[in-house]
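Here the structure comes first, spelled out in structure tokens, and everything after it is commentary.
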Amino acid sequence: MPDTTTATTRERMVSTAMTLFRRDGYAATSWRHLVEEAGTPWGSAYHHFPGGKEQLAVAAVELGTTVVAATVRRAFERTETVEDAVRWWFGKAGQALAADGYRGGCPVATITLELANSSPALTEACRAAFTSWHELLTGLLAGHGFDAARADDLAIAAMNNLEGALLLCRVRRSLDPLERAAAHVALVIEAA
């Protein structure tokens with residue numbers, strides 16, 4: 001996410017939107033609240049996003065896509081095994097969730113659940129986000145010696161476990177589901 005001290009008005013708005021949409025959802029986030037939270041002038045909303053809130057939401061999903069991809073890449077760069085990479089990645093997701101009082105989670109999931117198939121632009125942005133993460137994970141797994149089909153299956157398994165665990169963590173206000181999911185995915189990868 002951009003450093004708010006040097007970020008442009010547009011970057012602050014997108015970063016704030018990503019946080020608010022992840023935490024509160026699209027419908028519950030008003031333009032006024034978003035502008036106030038971003039600390040930007042009111043006129044900047046339509047100046048930078050003439051397509052309105054939907055255009056801003058697409059930009060927020062794109063930023064969330066980038067943030068998650070960077071975290072996944074770091075997980076594989078900072079660890080020696082795929083199993084450790086998964087544990088590191090899931091751990092970082094848990095740290096972020098706990099720091100947000102169990103109100104956040106995946107930067108794309110809330111918008112996906114709320115708006116999938118009601119906004120073509122947002123549906124496409126969310127589809128592109130999940131596709132890019134899947135392709136990234138598949139490539140990283142293939143780079144660790146898994147054949148293409150196995151890498152594809154393991155990438156989906158990791159994503160499914162992460163997304164489901166994040167939802168359970170939010171409801172339970174506990175990182176236990178995420179910790180169990182990380183352990184489970186690590187076992188599946190080790191067995192593969």
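Please determine whether any residue of the stretch 38-56 is touching a Ser or Thr at 6+ places or on another chain (Cβ under 8 Å), over 21 Å from Cys106 (Cα atoms) and among the β-branched types (Val, Ile, Thr). Yes, there is a match, as at least one residue in the stretch 38-56 is touching a Ser or Thr at 6+ places or on another chain (Cβ under 8 Å), over 21 Å from Cys106 (Cα atoms) and among the β-branched types (Val, Ile, Thr). Listed by position, the helices (runs of 4 or more DSSP H) enclosed by the stretch 30-145 that each have at least 3 residues that are within 17 Å of the chain's Cα centre (by Cα) are 53-78, 82-99, 109-115, 120-143. Looking at Ser30, Ser15 in this structure, which one is among the hydroxyl-bearing types (Ser, Thr, Tyr) and in contact with a Pro (Cβ under 7 Å, 6 or more places away or on another chain)? Residue meeting the stated conditions: Ser15. Going through the stretch 77-107 one residue at a time, which ones are in contact with a Gly (Cβ under 6 Å, 6 or more places away or on another chain) and under 22 Å from His184 (Cβ atoms)? Passing the criteria: only Leu97. Of Leu166, Leu178, Leu162, all but one fail to be within 16 Å of Cys106 (Cα to Cα), in contact (Cβ under 8 Å) with a residue 40 or more places away in the chain, touching a Pro at 6+ places or on another chain (Cβ under 9 Å) and buried (at least 16 other Cβ atoms within 10 Å of the Cβ); the exception is Leu166.
Selection of first residues in the stretch 101-128 that are at negative phi and of second residues that are assigned to a loop (DSSP other than H, G, I, E, B) and surrounded by fewer than 17 Cβ atoms within 10 Å (Cβ to Cβ), restricted to Cβ pairs under 7 Å at least 6 apart or on distinct chains, gives the following pairs, ordered by first then second residue: Thr110/Gly25; Glu114/Gly25; Glu114/Ala27; Thr123/Ala116; Thr123/Asn117; Cys126/Ala116. Considering only residues that are surrounded by 17 or more Cβ atoms within 10 Å (Cβ to Cβ), touching a residue at least 40 places away in the same chain (Cβ under 8 Å) and of a type in the set (Gly, Ala, Ser), look in the stretch 129-159 and name the one that is nearest to Ala59 (Cα to Cα). Residue satisfying both the conditions and the ranking: Ala129.
Readers should treat all values here as calculations from the given coordinates under stated rules, not as data from a laboratory. Keep in mind it's a predicted model, so treat the numbers as computed, not measured. A quick note on method: Cβ atoms are made from the backbone with ideal geometry, for glycine too, and the neighbour counts reach across all protein chains shown.
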